[in-house]
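Everything below concerns the one structure shown next.
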Amino acid sequence: MTARRTKGRPPTRSWTAQRLSAWSQMIWSQLERLTEAQRRQVLRTLTVEQRREMANRWYGLENEGQREPPGDWRIWLIQAGRGFGKTRAGAEWVSEVARSSPGARFALVGATIADAQRVMIEGPSGLIAVARSHEPVRWIAGRRELRFHSGAIATLYSAEAGEELRGPEHHAAWCDELAKWRRGEAAWDNLMMGLRLGERPRVVVTTTPRTNAAMRRVKAASGLVETRGRTRDNPWLPANFVGAMLENYGGTRLGRQELDGEMLEDVEGALWSRTLIERCRVETDAIGKPARVIIGVDPPASANGDACGIVVAALLRDGRLAVVEDASVETPPPALWAQAVAAAAARWGADRIVAESNMGGEMVTATLRQADVTLPVVAVHASVGKARRAEPVALAYERGQVVHAGAFAALEDQLCGLQVGGGYAGPGRSPDRADACVWALAALLDGVRKGRGPGVRRI
C-alpha cells in the first residue's frame, strides 16, 4: 500500500512555526497507522523545513511511560529502567512548561551538582540538547542557571546541599535519579515547601528505582501519579545491546531493578531476602545432570481459584539442591494443571511429586492420574506443616546448600514474602509458587538427611 497525499499536506514555503507544529501533529497521527516501510516512504517526501520541524517535535514520538499523565497531579514519578528515556521525558516536560510559561522559575535537582549538570543540562537528552533550533537556551555556569528563550529560568541544585533549597520559590521542578540521593529527605522537603508559585506547581521525578528514604517519601506523597517503563521499551536502543542486557541480567534482582524499573524491597521478618537469593543464583548450564528430581505442587482450592504452583527441584551430583524450573500456571482447571505437572515430570525425569492436599490427597492423586502421571504422589498438609517446612528450607539457602539455576521472578517475589511463623506479605493472595518450592525442597532435604540419593553423605 502506498501512502496517499492528502489535502492536509502543507505547502513547501513560508510556514509559520505555529502552522508547522499543527501540521506535525497531524502527520504523526497519520504515520502511526502506517507500516515501517510506508513511514519511510512518506518521510522521504518531506521538505528540509518540514524535516526540521519533525526533528524538533517530541509529542507523538514518546513512549507511553514518557507521556505526561492527565489530571490534577502534583508529583509525576517516572520510574523506569536504564535507557528507557527518563531524562528525555523530564527535559521535554520542563522545556514545554518553559515554552508556555514565560518567566517561570524551575528547580533542577540532581544527586550532585556535577551529576545534574552532566545529565540534566549538558547530556545527550538534557535541556540544551532538546531545545528547538528557533528557541535557543543559554547556560550560565557561574550562576548555575539555564535561561530559556521564553524568559523562564531553571536553577541547578544538589540533593547533598538540601539547605540551598530552603528559601527559593519555584513554579515547577525536575528531580533526577532520586534513588541516588544520599541525603535526599531534607532536599525533598525543602523543595516541596518552596514549590508554591503559580496556580499549579508541579514536580517531575525521573529515576531508576532503588529503596531509600527519599523514594519512600515520594511514594507516600499525596497527588502522586506514576508511569513505568523498561529498557526494552525504547525502540531507539541498539537491538544487540538490549539483547545482551536481557541475556545477562533478565529476571535477576539487578535486571528487574535496573532494566525493568521495578522497586524491589525486602519484607520485614521474611525468611528469604533478595540478597540471599542473588547469592544463591547460578547459571542454568552449570548444574549438570541431576541425581534426583522432585516436583512440588500447590493445587488451586477450586476450579476458579488461584494459580497452581508447580516447581521443579533437583538434587545435584555435588550434594547441593537446585530450583530448576517454575512451571506454575495461572487459574487453571484441574485437567490443565495436571497436564502441566505431567509435562514438567517428563522434561526432567522426575522421581516423585509432593502435593499440598488442600483439596484432599485422593483427589489430587486422581487428578494427576487422569493426566497419565504414574509417579508416586506424596500429600502434605499446609495447615500444620507450612511454617515448619519453610524455615529449614530457608536455613538451607543461608548455608549455601540451595541454588537457583536461572531466574524465577514470580517465584522469588513470593519467597521473599514468606515470614517467620507462617505469615505472608508478598504479591497475590496466596504464595502458590513459594509453597510448591518449599514442598519440593523440603522433601529433598529429608532425603539428604536420611542418606538417600546418589553420592550424598549422611549429615
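Values in this text are rule-based calculations from the coordinates and carry no lab data. Computed from a predicted model, the values in this text were never measured in an experiment. Positions of Cβ are backbone-derived with ideal geometry, glycine not excepted, and every protein chain shown enters the neighbour counts.
With the cut-off at 1.5 for a/c, could you classify region 226-292 from its C-alpha gyration tensor as rounded, prolate or oblate? The partial results should precede the final answer.
Values: a/c = 3.82, a/b = 1.25, b/c = 3.06.
Because a/c hits 1.5 or more and a/b fails to exceed b/c, region 226-292 counts as oblate.
Apply 1/(1 + (r/R0)^6) to the Cβ-Cβ distance of Met363 and Ser100, taking R0 = 56 Å, and write down the FRET efficiency to the nearest 0.05. If you can, show how the numbers build up before the last one.
Values: r = 65 Å, r/R0 = 1.17.
Step by step, r from the Cβ atoms, then E = 0.30.
Give me the extension gain from Arg210 to Glu62: residue separation times 0.36 nm, minus the current Cα-Cα distance, reported in nm with one decimal. Display every interim value, and only then the final one.
Details: separation 148, 0.36 × 148 = 53.28 nm, distance 2.43 nm.
Working it through step by step, the gained length comes to 50.8 nm.
Under 1.5 on a/c is rounded, so check that first for region 64-233, then, if it is not, pick prolate when a/b is larger than b/c and oblate when it is not; a ≥ b ≥ c are the square roots of the alpha carbon gyration tensor eigenvalues. The partial results should precede the final answer.
Details: a/c = 1.30, a/b = 1.14, b/c = 1.14.
The shape class here is rounded.
When a/c is below 1.5 the answer is rounded, else prolate if a/b is larger than b/c, else oblate, so apply that to region 274-449 with a ≥ b ≥ c taken from the square roots of the Cα gyration tensor eigenvalues.
It comes out oblate by the Cα gyration axes.
Separation of region 262-319 and region 165-211 by C-alpha centroid, Å?
Here the answer is 40 Å between Cα centres.
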